[in-house]
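One structure is given below, encoded as structure tokens.
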Amino acid sequence: MPIPEGPPAAVAALYRYPVKGFTPEPLERVELTAGETLPLDRAYAIENGPGRFDPAAPRHHPKSAFLMLMRDERLATLRSAFDAATRTLTISRGGKPVVRGQLDTPLGRQLIEQFVAAYMKAELRGAPRIVCAPGHSFSDVAAKCVHIVNLASVREVERAVGRTVDPLRFRANIYIDGLAPWAELGWIDEEIRIGPAHLAAFARTTRCDATNVDPTTAVRDMAIPATLMRTWGHQDFGIYAKVVAGGAIAVGAPVTTPAT
């Protein structure tokens, strides 16, 4: 008897991260543009003390220059909400707003910076500074791209560790379901279609200790990179892909992979 096929691969969730290291924002739909990241993804970052980022000549800097979850897990105790129309960031703790500021105004940035300076005092190397530049993304990689994670691979990690693993630990832009586990690792140098958009996968994502932090409790309670290495012989989880032809994609959009 032939084995019935499962549902086709599709987008299960979309996220952007307006401020590097802070709360992901779910999206129902997003317009992808060739050669770009998701709009407003990692558009802002907070320098950890004196930094070298020059908004007039933006270039990629290592994530260690900024507040980020790999080292600064206390960030995960905060919840942030970003209003794209006004560029206003609201930070809450324990369900209550504690600071709000417009990130495109000096006063708004100062309000956020003052809160961060007090709240993250133990982690800071100096005064924090909110940085941005038009069109720049503070991604962990220099290339403008999107980050894709396969939920079937998340479930494989869950089996290995014997507990639930929140996919948001991996801070991806696009979560896909309906694939075989680890299928995505074989897409490098191949084209993927998501709805009308075409993407070219170019690198696996080598995981760091940020994935060990529970995105809800901020507790460093797992050893994801060590588990990957011990079980599968590598620390890769998810892939980076460049947008080569744009288009609007949404949750539920079909995904065509090299094997389909």
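The values are calculated or read from the model by the stated rules, or taken from the named source; none is laboratory data. No experiment lies behind these values; they were computed from the predicted model shown. Positions of Cβ are backbone-derived with ideal geometry, glycine not excepted, and every protein chain shown enters the neighbour counts. Just the protein is used for accessible areas: all its heavy atoms, side chains included, with ligands, DNA and RNA removed. Shrake-Rupley method; radii C 1.70, N 1.55, O 1.52, S 1.80 Å.
The single residue among Ala65, Ala34, Ala45 that is hydrophobic (A, V, I, L, M, F, W, C), open to solvent by less than 30 Å² (accessible area, probe 1.4 Å) and in contact (Cβ under 8 Å) with a residue 60 or more places away in the chain turns out to be Ala45. Given Val11, Val19, which one is open to solvent by less than 50 Å² (accessible area, probe 1.4 Å), more than 13 Å from the chain's Cα centre (by Cα) and of a type in the set (Val, Ile, Thr)? Exactly one of Val11, Val19 is open to solvent by less than 50 Å² (accessible area, probe 1.4 Å), more than 13 Å from the chain's Cα centre (by Cα) and of a type in the set (Val, Ile, Thr), namely Val11. Note on the stretch 137-153: residues that are in a loop (DSSP other than H, G, I, E, B) and over 19 Å from Thr23 (Cβ atoms) amount to 5. A residue that is over 12 Å from Ile130 (Cβ atoms), in contact with a helix residue (DSSP H, G or I) (Cβ under 9 Å, 6 or more places away or on another chain) and either open to solvent by 30 Å² or more (accessible area, probe 1.4 Å) or modelled with pLDDT under 95 (or both) occurs somewhere in the stretch 52-59.
Among the residues of the stretch 119-136, those identified as closer than 23 Å to Asp72 by Cα and assigned to a loop (DSSP other than H, G, I, E, B) are Met120, Leu124, Arg125, Gly126, Ala127, Pro128, Cys132, His136.
Residues in the stretch 69-89 that are surrounded by fewer than 16 Cβ atoms within 10 Å (Cβ to Cβ) and more than 14 Å from Gly21 (Cα to Cα): Asp83, Ala84, Ala85, Thr86. In the stretch 70-118, counting only strands (runs of 3 or more DSSP E) that sit wholly within it, the ones holding 2 or more residues that are out of contact with any Asp or Glu (no Cβ under 7 Å at 6 or more places or on another chain) and of a type in the set (Lys, Arg) span 96-102.
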